[in-house]
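The structure under discussion appears below in the form of C-alpha cells.
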Amino acid sequence: MLSGLPIPLSWRSTLFSASLSLLIIGTALSGRIANAQEPQNGTSSSISPEFFETHVRPLLAKHCYECHSRKEGPDNGALVLESITGITKGGSRGPLFQSDHPDSGLFLKSIRYEDPELQMPPAGKLSESDLRTLETWIAGGAPLPEYKEDDQPLASTGIDLATARQFWSFQPLRQTPVPTTNDSEWPRTAIDQFLLAEMNRQNLAPSPEAERSTLLRRLSFDVTGLPPTPEELNHFETNTSPTAFEEEVDRLLASPHYGERWARVWLDLARYTDFTPDWQSPTDRGWIYRDWVVSFLNENRPYDEFLRLQLAADLQPETDPKDLAALGFIGLSPTYWKELRLAPSVIEQIVADEWDERLDAASRTWLGLTVTCARCHDHKFDPITMKDYYALAGVLASTQLHERPLLPEAEATTVLAAQKQVRELDAKLKTLREQKSPEAAQVEQQINEIRNNTPHIDTPSAHVLREASIYVLPEGDELTRLEYRENQSRDLPIFQRGNPSNPGTTVPRQYIEVLSPETPQPFTQGSGRAELAEAMLKNSPGLLARVFVNRIWAQHFGAGLVRTPSDFGTQGDRPTHPELLEYLSYEFVSRGWNIKWLHREILTSAAWRQSSQYRSDGEQLDPDNRFLWRMNRRRLDIEMWRDAILAANGRLNLTMGGPSQAIDDPANVRRTIYVTVAREELHHMLRMYDFPEASAHSPKREPTTTPLQQLFVLNSPWMQEQATALYQKISMPPVPDTPSVSDGTIAGAIRATYRNLFSRWPTDEELAVGITYLTGGVEPAATLNSEVPVEKWTEYLQALLGINELYFVD
C-alpha cells in the first residue's frame, strides 16, 4: 500500500477478490483486509520522547548529575548524562545502549548491579520503581527528544525574562489581517485565504472538493463520531440548496452525539478512568465527570468557563452543584499507596509524585508546557524555574481529593452524614446476623428510618476536591502519619534535586513568572486554585487559545498546525501556518471562547472539503502535506470504528450517560465512550487499537499496525458476532423506500451493505465479486433465501467488516 495515500477506487474490487480467496483457505488476509494501514507519522512504540523529560531526566538529575553533568562528566568516564548528545554518545566504555539487545546494554547492566566492577549509582542501588521506569524507557527504544537548539540548555545564571517573553507562543494575541489572493472562487472562509497564500508561495494548488457521500461520511465522523445513515446520505446527495453542506454542519453540531465524540478527545488529555484504587472512596464514579464533559460541550458553554470549573468549581461564586463534577479533572488523578509503616522520607516522595503528576496533566493540557521538567532543576530549555514549579505545586499540596453528592451544600452534608451512619450500621448488622442476635431487627429498623428520612440518600458521590493541605510527619522512630489540615493552604520549599528530604527556600504559591507581565503576586485565597485559573486567563489567554485551537485543528485535519500539541515550548515544533493560528486564536477568544464557532469555521472551509486523492504534483513538492493541498486520509479511533460496526448492523444503543460497561460484555452495544476504562488494567482490545493508558496525560493517539489487529478482525468472536448481526439485518423483510435494508435479493443485500458500511454503492465489479463468491455466479436477482449457506454470508460480511475502507475516512 502506498505511504499516506488512499487506494484508488478501481483497485478495491481486485484487492477484495484476492482477500476473499485468502479468507476461504483460512490464511491471513492481505491488501485492504484486516486493517492493513498505510505507514503513519508515528512510532509503534508506546514510549514517546516526552517520557524522557517527565520520567527519566528527573531520575538522572537526582542520581547521576553529581558525577555526570557537563562539568563533572569528562572526569568521570567521559560520560555526560546532562545532554542528549552525551547520552547518545556514551562514555569511555562505549555506547550505553544496544539496539539489537536492549536488555544487555551497559547502562542497564550498571543500574541493575550485574557487574561488581560497575555499579551505578555508587551510593546505592535504585529503588524497584525507579528501575522499572528506566527499564520501560530502554525497552521502548530509549527515545530521546530531538532538540533544536544545539542541545544547549538555558544559562544556569538565570533567565532573561524580557527576552524569554518574546517567544512566539508567549506573545499576547493580536488581530491578524486576512491575506488576499488572486483566486476568487476557491476560498470560502478566511482559513482558505491563509492556506492558499502559503500554497501559492510553495507553488502548490488546492485539490477539488470531495464527492458528497465522502464529505458527509467525513463530516459525520468528525463531528459526532458516527457514520451517516443511508437516509441522511440520500437527503444530502439530493439537496440542491447552495447551503446544503452548511445545513449538515449545523445539524451535526446540534446533535447530542457531538458532545460524546469530543468529550472523548478531552478525556485522553485528562487521563480519564472509570475506577480509582480501592483505598479511595468512591471508586467507581468517574462516569459523573465524563458525563459532565459531554453535557458541557453539548451546551456550548465557553472554554474559559471550562477551565475555571475544572480547576476550581468549588471556589467559584454561585456554582451550580452539577458543575462540581468538573473537579474530576484533578479529582480522578492517579493516587499511590502510602504504606505508613515505611519511613517518612519514602512517603514524602510518594506524595510529591502525586503533586507532580497533577501539575504535569494540568500544565500540558491547558498551557502546552512541560512545567514538571523543572522539578529537580530549572527547565533545561524553557524559561521555567524550580521556583515556578514549587509555586504551582503548593497549590496542589493545598488541595485534597474528596467525594460529594452533586447537591446544595446543606443537603450534601446531610446525605454524607446519613450515608456514613448507614455504612456503620450495615457493618454492625452483618455481625449481629452472624451471631443470630435479636438486636439485628432493631438495627435494621434504624437503617430504614435513616433512609426514609433522608431525601436523596442514594445520590452518588462525584470525585471532587476540598481545601486542605497535607503534611507527612513521623510517628515514633520508624513509622509515618499523614496530617490533613482542613481549610489551610501550604507554601512548599524548593526540594533540592527534587528530593523532599532536602528542602530549600520556601516559595509562595503564584503563577509562572515568564507568563506574567509583571512580578507575579502570591495567591492568598485558600489553595489558590481559583486565582491560578484567573491568572492563566488574564496573563496567558494567547497561549491557552493557541493550544486549544491547535488541538481542534488536529482532530479535523489529522495533524495540528503545531505538530507537538502538548509542547508549545522551545523544543516543540513551530506552527506551519503561524498567521492562521494567530487569526483563529484571536477570533476564538474575541467570540467568547465559543467552541462550536471554531468547529464551524474549520468545517465550512474549502480546505476541509478537499478531496484526499493522491496528486503527483503535490506529492513531489510537499509529500507530508504540511501545506494542506489535499485532505489527509485518517484512520478512525477504536471508538468510531466499533461504533460504526454496531451502527451498520443495527445494534448500536444510543442511550447517553451513566456507569460504564465492560467492552467484552456480550450485551454491551452502547457507544464506546461508555465502555469501562481501567487505569491499572486497560482492556486488551482498547490497548490493541491504540487507546491511551489512563495513567498519564495523552497529547494524541499514536497509531500502530500490528498482527494482533489483523488476527482480531479475522478470528475474534466479537467480529464474528457482528457479521452475524449484519446478516440478520440484511435478511429482514424489505421495507419500501428504506435503503438501509435489502430488497430481498442477493444483489440488493450487497448494495445495502456497502451503503451502510462505506456510505457509497458498490461498483459493478465489487457487486460481481460478492455474487460470485456467495452463489458461484447465479443471477443477481436470486433471493436471500436461495441456497447460500448462512455461514458463507457471515464469512463474506466479516471480510467486508475487515476492509480498510471501513477503518479510514477519506
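The values are calculated or read from the model by the stated rules, or taken from the named source; none is laboratory data. Everything quoted here is computed from the prediction, not taken from an experiment. With ideal geometry, Cβ positions are generated from the backbone for all residues, glycine too; neighbour counts draw on all protein chains shown. Heads up: the accessible areas ignore ligands, DNA and RNA and are worked out on the full protein's heavy atoms, side chains in. Shrake-Rupley method; radii C 1.70, N 1.55, O 1.52, S 1.80 Å.
The portion of the accessible surface of the range 598-689 made up by carbon and sulfur, rounded to a whole percent, is 49 (1.4 Å probe; DNA, RNA and ligands excluded). What shape does the range 49-140 take by its C-alpha gyration tensor, where a ≥ b ≥ c are the square roots of the eigenvalues and a/c under 1.5 counts as rounded, a/b above b/c as prolate, and the rest as oblate? It is rounded, given that a/c, with a ≥ b ≥ c, falls under 1.5. Each Lys or Arg adds one and each Asp or Glu subtracts one; over the other residues with Cβ under 12 Å from the Cβ of GLY259, this totals +3.
Highest-first packing order for the peptide set 178-188, 568-578 is 568-578, 178-188, based on the mean count of other beta carbon atoms within 10 Å.
Across the protein chains, with a 1.4 Å probe defining accessible surface, the residues ASP810, ASP250, ASP622 rank ASP250, ASP810, ASP622 from largest area downward. Each Lys and Arg adds +1 at its Cβ and each Asp and Glu adds -1 at its Cβ; summed about the Cα centre, the chain shows a dipole of about 140 debye. Eigen-decomposition of the gyration tensor built on the alpha-carbon atoms of the chain gives equivalent ellipsoid semi-axes of 46, 35, 29 angstrom, largest listed first.
Pairs over the 20 Å Cα-Cα cut-off, from the set LYS125/LYS387; LYS62/LYS125; LYS89/LYS109: LYS125/LYS387. For LEU118, neighbours were defined as the other residues whose beta-carbon sits under 9 Å from its Cβ, and their charges (Lys and Arg +1, Asp and Glu -1) total -1. Here LYS596 is the anchor, and the lysines within straight C-alpha reach of less than 24 Å, apart from those fewer than 8 places off in the same chain, are LYS322, LYS538, LYS700.
Nearest 500 deg cm²/dmol is fine: what mean residue ellipticity at 222 nm does the chain get from its DSSP H runs of n ≥ 4 alone, each adding -39,500 (n - 2.57), divided by its residue count? Helix contribution divided over all residues of the chain: -13000 deg cm²/dmol.
Rounded if a/c is under 1.5, else prolate if a/b beats b/c, else oblate: with a ≥ b ≥ c from the C-alpha gyration tensor eigenvalues square-rooted, which is the range 77-117? In terms of gyration-tensor shape, oblate.
Packing here is the average count of other Cβ atoms within 10 Å per residue, and on that basis the peptides 474-485, 525-536, 200-211, highest first, run 525-536, 200-211, 474-485. Extent of the range 399-552 along its three principal axes (Cα atoms, max minus min coordinate, largest first): 71, 49, 29 Å. Listed by chain and number, the lysines whose C-alpha is less than 20 Å from the C-alpha of LYS430, apart from same-chain residues fewer than 8 away, are LYS420.
Is any residue of the range 520-551 close enough, with backbone N under 18 Å, to a label point placed 7 angstrom from the Cα of ARG165 along the Cα-Cβ axis, and if so, which? It comes to 520-522, 535-544, nothing else. Once the C-beta distance of GLU318 and GLN175 is scaled by a Förster radius of 25 Å, the resulting FRET efficiency is 0.15 to the nearest 0.05. Mean sequence separation of contacting Cα pairs (under 8 Å, at least six apart), scaled by the length of the chain, corresponds to a relative contact order of 18 percent.
Residue ranges 443-453, 164-174, 251-261 sort as 251-261, 164-174, 443-453 when ordered by packing (mean number of other C-beta atoms within 10 Å per residue, highest first). Considering only alpha-carbon pairs that sit under 8 angstrom and 6 or more positions apart, the relative contact order computed for the range 157-310 is 14 percent.
Count Lys and Arg as plus one, Asp and Glu as minus one, and take only other residues whose Cβ is under 13 Å from that of ALA162; the net charge is then -2.
Solvent-accessible area of the range 246-301 (1.4 angstrom probe, protein heavy atoms only): carbon and sulfur portion equals 54 percent. Any idea how far the Cα center of the range 435-469 sits from the one of the range 352-377, in Å? Centre-to-centre distance over Cα atoms comes out at 39 Å. Computed from Cα positions, the angle between helix 541-557 and the longest principal axis of the chain comes to roughly 30 degrees. The overall shape of the range 460-546 is oblate: from the C-alpha gyration tensor, with semi-axes ordered a ≥ b ≥ c, the ratio a/c is 1.5 or greater and a/b is no larger than b/c.
The dipole here belongs to the range 51-204: it is taken about the Cα centre, uses +1 on the Cβ of Lys and Arg and -1 on the Cβ of Asp and Glu, and is about 300 debye. Under the criterion of Cα pairs below 8 Å and six or more residues apart, the relative contact order for the range 447-503 equals 23 percent. Rolling a 1.4 Å probe across the protein heavy atoms gives the chain an accessible surface of 43 Å² per residue.
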